[in-house]
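Participant: One structure, as structure tokens, below. Some questions next.
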Amino acid sequence: MKAQSQTFNVALPEDLVKKADKVAKKEYRNRSELIREALRNYLQESVSKTIGMFLPRRTEIFSALIDQSLILKEAAKVFKEAVSDWKKLDASCFRLKQLEHEADNIVHTLTNEIEKTFMLSLDKEDIKDLAESVDDVMDEIEQVANRLKIYKVPKGNIQIKEFANLIVKMIDQLNEGMRLLKRNKLSSREFATCCLAIHEIESAGDDLHRQVLSEMIGKRSLNKDILSMIIWKEIFQSLEDTLDKCEDIAIIFDRLKLKYR
């Protein structure tokens, strides 16, 4: 038999009724009061669980985005060290592969968290776009490092170091943007400044890429190794693509500023 609440017409589970009866007999307490107390606790727990299904799991999801951007920050640092000291290239490629796997795991976890959550402070597609765009940058960094290793390019190219510096600066700004996003600072001056800085760094990357291509063409001769020219062009294009994919994240930031302000 189940006890009925006179006020809410809610049935108390039979096992809780039996437990209340047992306590009433053992402690000589009023059975009705125990039933009401058990019902009140039961309702509070049920309501909390139900609300929990619909409230945004903001902390877990945005923490995952920050974790992903921190992995990207480490990847940029590893890449910069590799092009600064060519002896570290093999070890750096290995570490970048590990970081790429870690980033992939976060994307999978993040996707699962999103699917289990009914409501979020941002649209699910916006969060997925952010996670996938960060993952694209990670893939691009790993890819360009592997190309340097496979093609055995000459050491000490100054323009590669300059690109590496730009990538580190841009990813620092992306990381800060993720932190501001978690704190719901989309309308803040700091967030706007962060987005602007990313666009300016990408513009500097465009200038550097044009300069590199101009120098390559200027030094070209009939005796120049065409294969070497193709390899260098591909490498610098990959570096430029890395910055472009970073800017894709800033474009998402800009979209979120307008959408959720």
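Read-outs: derived from the displayed coordinates by stated rules, not from any lab. What you see is a predicted model, and the numbers here were worked out from it, not measured in a lab. Because the Cβ atoms are built from the backbone with ideal geometry, glycine has one as well, and the counts that use them run over all protein chains shown.
Participant: Arrange the following residues from fewest to most other Cβ atoms within 10 Å of their Cβ: Trp232, Trp86. List each step's numbers first, then the result.
Facilitator: On the way: Trp232 20, Trp86 16.
Ascending Cβ contact count within 10 Å gives the list Trp86, Trp232.
Participant: Another question, if that's okay. Ranked by Cβ crowding within 10 angstrom, fewest neighbours first, how are Phe79, Phe236 ordered? Numbers along the way, then the final one.
Facilitator: Details: Phe79 28, Phe236 20.
Placing the least packed residue first, the sequence is Phe236, Phe79.
Participant: By a straight-distance test (C-alpha under 15 Å), which aspartates and glutamates pair with Lys245 as possible cross-link partners, with residues fewer than eight away in the same chain excluded?
Facilitator: Asp129, Glu132, Asp135, Asp136, Asp139, Glu140, Glu142, Asp172, Glu200, Glu202, Asp206, Asp254
Participant: So, one more: Output wanted: per-residue J couplings in Hz (rounded whole) for the stretch 205-214, from phi through Karplus 6.51 cos²θ - 1.76 cosθ + 1.60, θ = phi - 60°, x for Gly and Pro.
Facilitator: x, 4, 4, 5, 5, 5, 4, 4, 4, 4
Participant: Still on this structure: If r is the Cβ-Cβ distance from Ala192 to Lys152 and R0 is 51 Å, what FRET efficiency results, to the nearest 0.05? Don't jump to the answer; show the numbers that get you there.
Facilitator: Numbers: r = 44 Å, r/R0 = 0.86.
The value I calculate is 0.70.
Participant: Given 0.36 nm per residue, what is the gain on full extension from Tyr260 to Glu102 after removing their alpha carbon distance, in nm?
Facilitator: Values: separation 158, 0.36 × 158 = 56.88 nm, distance 3.01 nm.
Extra length from Tyr260 to Glu102 when fully extended: 53.9 nm.
Participant: About the Cα centre, and with charges only on the beta carbon of Lys, Arg (+1) and Asp, Glu (-1), how big is the dipole of the stretch 63-150? Nearest 20 debye, please.
Facilitator: Numbers: 12 positive and 20 negative charges, 115 e Å.
Taking the Cα centre of the stretch 63-150 as origin, the dipole is about 560 debye.
Participant: OK, next. Report, to one decimal in Å, the Kirkwood hydrodynamic radius for the stretch 119-261 based on all distinct Cα pairs.
Facilitator: Answer for the stretch 119-261: a Kirkwood hydrodynamic radius of 16.6 Å.
Participant: Just to confirm the filter: which trypsin sites (Lys or Arg not before Pro) across the stretch 156-227 are DSSP coil and have at most 12 other Cβ within 10 angstrom of their Cβ? Present the calculation step by step, with values, prior to reporting the outcome.
Facilitator: On the way: sites: Lys161, Lys169, Arg179, Lys182, Arg183, Lys185, Arg189, Arg210, Lys219, Arg220, Lys224; in loops: Arg183, Lys185, Lys219, Arg220, Lys224.
Taking the stretch 156-227 and a limit of 12 other Cβ atoms within 10 Å, the loop trypsin sites (Lys or Arg not before Pro) found are Arg183, Lys219, Arg220, Lys224.
Participant: Please give the FRET efficiency for Lys116 paired with Ile66, using the beta carbon to beta carbon distance and R0 = 25 Å, rounded to the nearest 0.05. Write down the numbers at each step before the final one.
Facilitator: Working: r = 19 Å, r/R0 = 0.77.
My answer for the efficiency is 0.80.
Participant: Still on this structure, I have one more. Kindly state, to the nearest 0.05, the FRET efficiency for Lys88 paired with Gln143, given R0 = 25 Å and r defined as their beta-carbon distance. Can you show the working numbers first?
Facilitator: Numbers: r = 18 Å, r/R0 = 0.71.
According to the calculation, E is roughly 0.90.
Participant: OK, next. Just add up the charged neighbours of Gln143: K/R +1, D/E -1, any other residue whose Cβ is under 10 Å from the Cβ of Gln143. Intermediate values should be presented prior to the final figure.
Facilitator: On the way: positive: Arg147; negative: Glu100, Asp139, Glu140, Glu142, Asp241.
That works out to -4.
Participant: Another question, then. Which entries in the list Lys73/Lys152; Lys87/Lys182; Lys124/Lys149; Lys128/Lys257; Lys149/Lys233; Lys182/Lys233 go over 27 Å, if you measure between the two C-alpha atoms of each? Each step should come with its number before you reach the end.
Facilitator: Details: Lys73/Lys152 25 Å; Lys87/Lys182 38 Å; Lys124/Lys149 38 Å; Lys128/Lys257 17 Å; Lys149/Lys233 15 Å; Lys182/Lys233 38 Å.
Flagged as over cut-off: Lys87/Lys182; Lys124/Lys149; Lys182/Lys233.
Participant: So what's the gap between the Cα centers of the stretch 192-261 and the stretch 68-100, to the nearest angstrom?
Facilitator: Result: 19 Å between the Cα centres.
Participant: If each residue's Cβ is checked for other Cβ atoms within 10 Å, how do Ile226, Ile231 rank with the fewest at the top? Working shown, then result.
Facilitator: On the way: Ile226 8, Ile231 17.
The most exposed by this proxy come first: Ile226, Ile231.
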